[in-house]
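Everything below concerns the one structure shown next.
The values are calculated or read from the model by the stated rules, or taken from the named source; none is laboratory data. Please read these numbers as outputs of a predicted model, since none were measured by experiment. Cβ atoms come from the backbone with ideal geometry, glycine included; neighbour counts cover every protein chain shown. Accessible surface is based on the protein model in full, side chains and every heavy atom, while ligands, DNA and RNA are left aside. Shrake-Rupley method; radii C 1.70, N 1.55, O 1.52, S 1.80 Å.
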Amino acid sequence: MLTRRLALRRLAMATVASAVPVARPAAPATKGVTSVDAGPRDSSFDPWVEIRPDHLRHNVAEIRRRVAGRPIIAVIKNNGYGLGIENVGRLLGPRPEVAALAVIKLHEAVVLREAGVRKPILLMGPFDEPDLEEALAHDIDPMVYTPVGATLDRLAQKRQRPANVHVCVDTGIGRVGVPFREAPALVRDLASRRSVRLAGTMMTLTEDPAFDGEQVRRFVALCAGLEREGIGLGLKHAASSFALFQRTDAFFDAVRPGMAVFGVYPEPGFRTLGVMDLRPAVSLKARVAYVKRLMPGDSAGYNRAYVAQRDVWVATLPVGHADGWPRVAARGARVTINGTAYPVIASVSASHTIVEIGAEPHVAVGDVATLFGWMDGARPEDVGASCGASVYDLTMHLNPLLPRRVV
Ligand SMILES: Cc1ncc(COP(=O)(O)O)c(C=O)c1O
């Protein structure tokens, strides 16, 4: 007997077949595509995320060149900036340029270990004692900034092994981190314990050019003072993607970029500096689900956000803000189909986006639409600039349930 779910699926397919008299589109395959998701089968019309391992490799090599061979602690938090935490861990873990991976959430760190990542993993998010015990059991190195020495002693005694920790110092970002004036006492305490190995000392810049210099001075003075006392601070690190472009004085012993690893310039102005050639490693794609002609006065979208002024063809893409494609895309973004960029019109709803094709029906059901990707003009930076979306929102908000394809 058919399950209800299967019956519904069959019903849906039958409806599609009678309503859309076209051949079922071929699977969205690109040569060499590996689908890394092994869940229930996705509809051939579901949007998907493509990942370019060659671009990830290029970007880490480029960052390494920029920082004169310093090790990279690759920040791959928030589901690997949208590419999928396991995909990114497997692809970046073995790269010689990557000394460690950093995440915020414990479950991501554990997933990385379970996916076979062997490099050090830095956990930059908060934890309680059971979390810490679990992290250490998986050889995950916590970022610490509170008096956790006694807890680390207890856990080290159980494990019969010291814990690697990175001390996070707040030199002005006011978010997490021990305030820099109180940091010497914490570092001395941790360094004095046999249960602790100081693997790193870190800070985060506010990315305010007028203040970053002061933050760097505070960090340098703190570290120099502690080192004069004979305390080994491990790797000193601060530089996110922004600092890779702006602050060579914050490169220290290792750098800690995220967005640049994924090939996206964190600020529009950085693209033309010629400092690094970054190649986007992520693309959001969907297939055209429906093409129709609107006549003057016909509308499209909720609240009739778009009203045709003339005969015009529009295409509907089955992708929307629930997939991570931002609502603001309707304020100027373009979507590339068969090499042409078409404007997003009306409004982006949870699962639909409408694009204006023009006077002729130049696209067909099943054609692949690139919402953003690696081509010039359709890079995340281009889409972000066209509609006011942040490149961080474009990548990190990609729905984790979307299929990921490594191409
Ligand atoms: C502590 C810390 N370091 C480094 C990064 C990497 O930042 P970006 O993606 O701008 O390079 C992040 C991300 O926000 C972070 O939270």
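Odds and ends about this structure:
- Unique match (being touching a residue at least 24 places away in the same chain (Cβ under 8 Å) and more than 21 Å from the chain's Cα centre (by Cα)) among THR353, THR370: THR353
- Just so you know, in the range 257-280 the residues that are touching a helix residue (DSSP H, G or I) at 6+ places or on another chain (Cβ under 9 Å) and away from the ligand (no atom under 13 Å from the Cβ) include one that is modelled with the lowest pLDDT, and it is PRO268.
- Within the range 201-241, the set of residues being under 34 Å from the mean Cα position of the chain (by Cα) and either on the phi > 0 side of the Ramachandran plot or among the hydroxyl-bearing types (Ser, Thr, Tyr) (or both) comprises THR201, THR204, THR206, GLU207, GLY234, SER240, SER241.
- Comparison of GLU207, GLU182 shows that the only residue that is away from the ligand (no atom under 16 Å from the Cβ) and open to solvent by 60 Å² or more (accessible area, probe 1.4 Å) is GLU182.
- Looking across ASP393, ASP382, one residue alone is without any contact (Cβ under 8 Å) to a residue 24 or more places away in the chain and out of contact with any strand residue (DSSP E or B) (no Cβ under 6 Å at 6 or more places or on another chain). It is ASP382.
- Meets criteria (within 17 Å of VAL178 (Cβ to Cβ) and within 16 Å of the ligand (Cβ to nearest atom)) for VAL148: no
- The set of residues in the range 255-272 that are part of a loop (DSSP other than H, G, I, E, B), open to solvent by less than 10 Å² (accessible area, probe 1.4 Å) and not β-branched (Val, Ile, Thr) comprises PRO257, GLY258, GLY263.
- Checking ALA74, ALA99, ALA109, ALA115 one by one, the residue that is modelled with pLDDT of 95 or more and out of contact with any strand residue (DSSP E or B) (no Cβ under 8 Å at 6 or more places or on another chain) is ALA115 and no other.
- Taken together, ARG193, ARG197 contain a single residue that is away from the ligand (no atom under 16 Å from the Cβ), surrounded by 14 or more Cβ atoms within 10 Å (Cβ to Cβ) and assigned to a strand (DSSP E or B), which is ARG197.
- Cβ-Cβ distances below 7 Å connect the following pairs, each with a first residue in the range 203-220 that is of a type in the set (D, E, K, R), a second residue that is more than 14 Å from the ligand (Cβ to nearest atom), and a separation of six or more residues or different chains: ARG218/PHE180.
- First in the range 123-144 and within 21 Å of THR201 (Cα to Cα) and within 16 Å of the ligand (Cβ to nearest atom), second anywhere and among the small types (Gly, Ala, Ser) and at pLDDT below 95, Cβ under 7 Å, 6 or more apart: none
- Odd one out for ASN78 among (1) within 15 Å of the ligand (Cβ to nearest atom); (2) surrounded by fewer than 24 Cβ atoms within 10 Å (Cβ to Cβ); (3) more than 19 Å from TYR265 (Cα to Cα); (4) under 17 Å from the mean Cα position of the chain (by Cα): (3)
- Test result for SER347, under 25 Å from GLY366 (Cα atoms) and assigned to a loop (DSSP other than H, G, I, E, B): yes
- Of the listed requirements (1) of a type outside the set (A, V, I, L, M); (2) farther than 18 Å from GLY80 by Cβ; (3) out of contact with any helix residue (DSSP H, G or I) (no Cβ under 6 Å at 6 or more places or on another chain); (4) more than 10 Å from the ligand (Cβ to nearest atom), ASP249 misses just one: (3).
- When the range 156-178 is filtered for residues that are more than 25 Å from the chain's Cα centre (by Cα) and not in a loop (DSSP other than H, G, I, E, B), the ones remaining, listed by number, are ALA156, GLN157, LYS158, ARG159, ALA163, ASN164, VAL178.
- Selection count, the range 210-238, where residues are in a loop (DSSP other than H, G, I, E, B) and away from the ligand (no atom under 15 Å from the Cβ): 6
- In the set (1) surrounded by fewer than 24 Cβ atoms within 10 Å (Cβ to Cβ); (2) within 16 Å of the ligand (Cβ to nearest atom); (3) not hydrophobic (A, V, I, L, M, F, W, C), the condition left unmet by GLU50 is number (2).
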